[in-house]
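**Student:** Please see the structure below; I have some questions.
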Amino acid sequence: GSRNKSGWYLGAGLRVETATTGHGIYLEIQSSINLEGIEFGAAASGLLGLCAVVLAIMPLFGSAYYVELGTYAFISAMLALSLQLLVGCTGLVSLGHAAFYGLAAYAVYFITPADARSILVTLPFAIAIAGVAALFIGALSLRTKGFFFLMVTLAFGQMLFYLFHNTKLGGGAHA
C-alpha cells in the first residue's frame, strides 16, 4: 500500500519519522550517533579509577543518609542497565523484569533473618536463585515472540507478586 511519511529532526543526531498506511500508524526513531571506536585516554581511565576508589571508601567516612542514597541510586542504575540490555540489544520487551530483582531480594531475606549473615554469603545465593529462575522462565518464554513474549513475562511477574504479596510465604498483605 501507499505510505504517507513525515519526519522531524530533533537535533543531537535524532530523527523521528511517522508513516501511515492502510493498516495503521508506524513510528520510527533513527539515530546517526555512532559510538563505536571511541577510545578513552589515560586521563579518563584515571578519573574513572579515582571515582571507583571514592565510592568504595564512601561507606567508611560518609553519613548513613548519603551511603543509603548512593546504594539506592546504584541499584536503580543496575536495573536500568539490565533492562537496556534486554530491550535495547535484543529487542525483547519484558513486563516481568523486576520479578527477578524481587526474587533475589526475597532470597536474601529468607536466609538472613536469624543470624544476619554476611553479604558475601547472601549475594551469591540471591544471584543463583534469580539465575535459576531466569533459566527456567527464559526456556519457556524465549519460544514465543512479540505479544506472546510480553504476556509470558507479565504472567511470571504477576505470579511472583501474588506469591510474595498475598501468601504467608512473603509476609504480604493477606498473610
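**Student:** Tell me which residues, restricted to the stretch 61-89, are closer than 17 Å to Ala134 by Cα and surrounded by 13 or more Cβ atoms within 10 Å (Cβ to Cβ).
**Tutor:** Leu79, Ser82, Leu83, Leu86, Val87
**Student:** Then there's this: For the stretch 64-71, state whether one or more residues are under 30 Å from Cys51 (Cα atoms), in contact (Cβ under 8 Å) with a residue 12 or more places away in the chain and out of contact with any Asp or Glu (no Cβ under 9 Å at 6 or more places or on another chain). Walk me through it before giving the result.
**Tutor:** First, the residues of the stretch 64-71 that are under 30 Å from Cys51 (Cα atoms): 64-71.
Filter again for in contact (Cβ under 8 Å) with a residue 12 or more places away in the chain, leaving 70.
Right, trim to out of contact with any Asp or Glu (no Cβ under 9 Å at 6 or more places or on another chain) and you get 70.
Within the stretch 64-71, one or more residues are under 30 Å from Cys51 (Cα atoms), in contact (Cβ under 8 Å) with a residue 12 or more places away in the chain and out of contact with any Asp or Glu (no Cβ under 9 Å at 6 or more places or on another chain).
**Student:** Could you give me the residue pairs with C-beta distances under 8 Å whose first residue belongs to the stretch 102-121 and is closer than 18 Å to Met159 by Cα, whose second residue is modelled with pLDDT of 85 or more and open to solvent by 80 Å² or more (accessible area, probe 1.4 Å) wherever it lies, and which are 6+ apart or on separate chains?
**Tutor:** These pairs meet every condition: Gly102/Phe161; Ala104/Ile127; Ala107/Phe125.
**Student:** Filter the stretch 117-175 for residues that are polar (S, T, N, Q) and farther than 16 Å from Ala107 by Cα; which is most open to solvent (accessible area, probe 1.4 Å)? Explain how you work it out, then say what you get.
**Tutor:** Within the stretch 117-175, the subset polar (S, T, N, Q) is 118, 122, 141, 144, 153, 158, 166-167.
Still in the list and also farther than 16 Å from Ala107 by Cα: 141, 144, 153, 158, 166.
Working: Ser141: 6, Thr144: 39, Thr153: 9, Gln158: 101, Asn166: 44 Å².
Here the residue is Gln158.
**Student:** Here is a follow-up. Take the conditions within 30 Å of Thr144 (Cβ to Cβ), among the charged types (D, E, K, R) and at pLDDT below 85 and apply them to Glu28. Does it pass? Outline the logic, then answer.
**Tutor:** Working: within 30 Å of Thr144 (Cβ to Cβ): yes; among the charged types (D, E, K, R): yes; at pLDDT below 85: yes.
So Glu28 fits the description; yes.
The values are calculated or read from the model by the stated rules, or taken from the named source; none is laboratory data. Just so it is clear, the model here is predicted, and its values are computed rather than measured. Methodologically, a virtual Cβ is constructed for each residue, glycine included, from the backbone with ideal geometry; neighbour enumeration extends over all protein chains shown. To get the accessible areas, we keep the full protein, side chains included, count just its heavy atoms, and leave off ligands, DNA and RNA. Shrake-Rupley method; radii C 1.70, N 1.55, O 1.52, S 1.80 Å.
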